[in-house]
Amino acid sequence: MSSCPKCRRRLASDAEYCPYDGTPVPREVGVGSVLAERYHIIGELGRGGMGTVYRAWQSDLDRPVAIKVLHPHLASEPELRHRFRREARAVAMLSHANVVSLYDVGEHDDGSPYLVMEYVSGVALDEAFAEGTRLPGRRALRLVRQVASALAAAHEAGIVHRDLKLANLLLSIQTGEPDTIKVVDFGIAKLVGGSASKSIMDLTRMGEVCGTPEYMAPEQAKGEPLDHRCDYYSLGVVLYRLVTGKTPYGRTGMAAAVAHVEEPVPDPRDTHPDTPRVVAELIMRLMAKEPGERPADGAELLAAIDWALVQLDRRPSATVIEEPLPRLELSVPADRRSGWGLVALVLCLLIGGLGLFAALVPSTPDPRVERSMAPARGLEPLPSGSVDEGPRRAVVTSTATGTVRVLLPLEPEVDRPQVVLIDLWTDDGKPAAEPVSATVIGPDGAHSPVQVVATDMPGRYRIDRRFADLGVHQVVVEVADTELAISLEVVGDSGRS
């Protein structure tokens, strides 16, 4: 639908003139449109109940931007248009690394207001982590902490989001950056009624305008007055979704809103017993039915998340064997078993040139390696194949549920392709299969994601990387919230004797 720019009556989408006063009806905003003589729309990024988001090019500053245009049928409502601009001005006051910046506001010839925002090269969390995808507790907490930091800044400015969900959290994929979250659509959910007098049916019908039922705080679903703590409830739902792969209660629409009001606070351990206790407890605190039982403010929220991260960082140490090991031959296992909740590795590269790791297991166990395990486990041999990468030193750690073994080269060369092989075993000594994620932290503190590939060999994962910078690097590999720290001094060509 479109609307008359003069009388504001709603018209058919193909109307060229208003039948009531004869006013020409301008073309609706779309690909090919130019707004304010400088925003050239080149593609559509997404469409929702509130409006359409386009990718555009700002010609006067030579930069990409994202433009959200209010739907024409909503633009004809004076109150909505007024609130759209008022909230846009409020969001423009925010300056935070985890909030998408607002550059400009305007109004198209057809009367549709629009917001010009920072363009983020990335993907929304609901696309990055499809339903059923579970994240390790530590990674989920790190993502959620960024959202909490953004909320703290917004709440300090008097802005309540009211529609926090995975679709409104963008994961930036810029090279050299860590998992960076950008929160979008601040303030948009306040467009309908400052008194928060809408019912569940109103909220469900309006969709993105007033909130999303699957993430909605009980007081929001009941149409009660809201404050910043409704965002904390939604953040708890976000964390639940990240660590379990699904939203609480398993319902959608109005049924989900009713469940948030009437059903007990969910414990993720009921369906996923391997969820870390501190993560489960944080989720249940954030999703408390009464706002007064949630964190009081941003400082308390961030402190709670930081405390949970500290608890997850309490990990067993590893044994490091300094003497070099011989080249190793690998043999085929008798069988394979998965279902393991074991280990995360933090591999610290001490660089004078470049760093590299490899985890290999000899078909005949080397006594120095077995001696490092406490207690030594009867590990099944790994699959066939041979590795000829020179002498190594071994690092082995064991936990209550499994074992990790890593072999590190003694003399890696600078600026050459390097390989990390990570082998995982279950508690009963069988090769294990678990999701593994990794990040490299460079000497300057810059983060960049690392691709971890499951090989054809059961229990084996591979990282390929070339380190070009000198200095101390950290390679952080996570599996089921356990960490193993290893230091390695690497020499470049100029440092060889």
Taking segment 78-100, which residues are in a loop (DSSP other than H, G, I, E, B) and surrounded by fewer than 16 Cβ atoms within 10 Å (Cβ to Cβ)?
-> M93, S95, A97
Polar (S, T, N, Q), assigned by TED's automatic domain parsing to the domain that holds D306, at pLDDT 90 or above and over 30 Å from C18 (Cα atoms) - does that describe any residue in segment 132-148?
-> yes
Output for segment 259-276, where each listed residue is assigned to a helix (DSSP H, G or I) and either touching a residue at least 24 places away in the same chain (Cβ under 8 Å) or closer than 15 Å to R241 by Cα (or both) | H260, V261, P268, R269, D270
Quick one: how many residues across segment 101-137 are in a strand (DSSP E or B) and over 12 Å from the mean Cα position of the chain (by Cα)?
-> 12
For segment 72-102, what are the residues that are acidic (D, E) and under 19 Å from R162 (Cα atoms)?
-> E79, E87
Considering segment 36-53, residues that are of a type in the set (A, V, I, L, M, F, W, C) and within 14 Å of V105 (Cα to Cα), and then whichever is surrounded by the most Cβ atoms within 10 Å (Cβ to Cβ), we arrive at V53
When segment 41-97 is checked residue by residue, the ones that are out of contact with any Leu (no Cβ under 8 Å at 6 or more places or on another chain) and charged (D, E, K, R) are E44, R47, D60, D62, R63, E77, E79, R85, R86, R89
Neighbours by Cβ (under 7 Å, 6+ apart or cross-chain): first from segment 53-76, assigned by TED's automatic domain parsing to the domain that holds L102; second in a loop (DSSP other than H, G, I, E, B) and surrounded by fewer than 17 Cβ atoms within 10 Å (Cβ to Cβ) = Q58/R38; S59/R38; D60/R38; P72/M1; H73/M1; S76/R8
Filtered residues of segment 54-65 (kept if farther than 17 Å from E107 by Cβ and aliphatic (A, V, I, L, M)) = L61
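The values are calculated or read from the model by the stated rules, or taken from the named source; none is laboratory data. Quick caveat, the model's predicted, so the values are computed rather than measured. Note that we place each Cβ from the backbone using ideal geometry, even for glycine, and neighbour counts take in every protein chain shown.
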